[in-house]
């Protein structure tokens with residue numbers, strides 16, 4: 001099936017957006033920050049945001065960046081999340097279905113244990129169900145312009161604590 005208007009929307013009419021995200025943490029746990037850049041593909045319009053916590057982990061900040069970015073969307077969209085977090089991408093695409101099936105638990109040394117950061121994963125799950133989302137993993141600190149900008153914003157947010 002081809003996409004009308006130069007590939008900017010699917011036949012369903014959903015707008016296409018790119019969500020670039022990153023998280024940072026000084027110490028693990030320690031002061032942390034998250035950031036995102038949201039780009040509307042058809043127009044090139046962009047928004048960015050960042051925030052942080054006094055005591056958190058890097059994984060929590062990586063998750064929060066995606067949660068906050070998806071929360072900024074005002075209508076159902078086709079979203080490409082571009083992140084340097086394999087944890088977030090694999091968790092969202094591969095691990096989450098089994099976690100949900102197993103009541104948000106995972107196997108560890110032949111026993112069931114709660115999924116770490118379960119509250120954040122559950123928030124992300126709710127947001128993912130509202131959009132058509134795919135993940136692209138980029139190498140961090142490799143010169144990717146949007147990833148570098150998100151890193152800069154996240155580190156700045158962490159430094160406020």
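Based on what the data block shows, is residue 115 in contact with a strand residue (DSSP E or B) (Cβ under 9 Å, 6 or more places away or on another chain) and more than 25 Å from residue 141 (Cα to Cα)?
Here the answer is yes, as residue 115 does meet what is asked.
When you scan region 101-111, do you find a residue that is modelled with pLDDT of 95 or more and surrounded by 18 or more Cβ atoms within 10 Å (Cβ to Cβ), even just one?
no
Using the structure shown, decide if residue 44 is out of contact with any helix residue (DSSP H, G or I) (no Cβ under 7 Å at 6 or more places or on another chain), assigned to a helix (DSSP H, G or I) and modelled with pLDDT of 95 or more.
For residue 44, the condition - out of contact with any helix residue (DSSP H, G or I) (no Cβ under 7 Å at 6 or more places or on another chain), assigned to a helix (DSSP H, G or I) and modelled with pLDDT of 95 or more - is not met.
The values are calculated or read from the model by the stated rules, or taken from the named source; none is laboratory data. Predicted model only: the values in this text are computed from it and were never measured. Note that each Cβ is placed from the backbone with ideal geometry, even for glycine, and that neighbours are counted across all protein chains shown.
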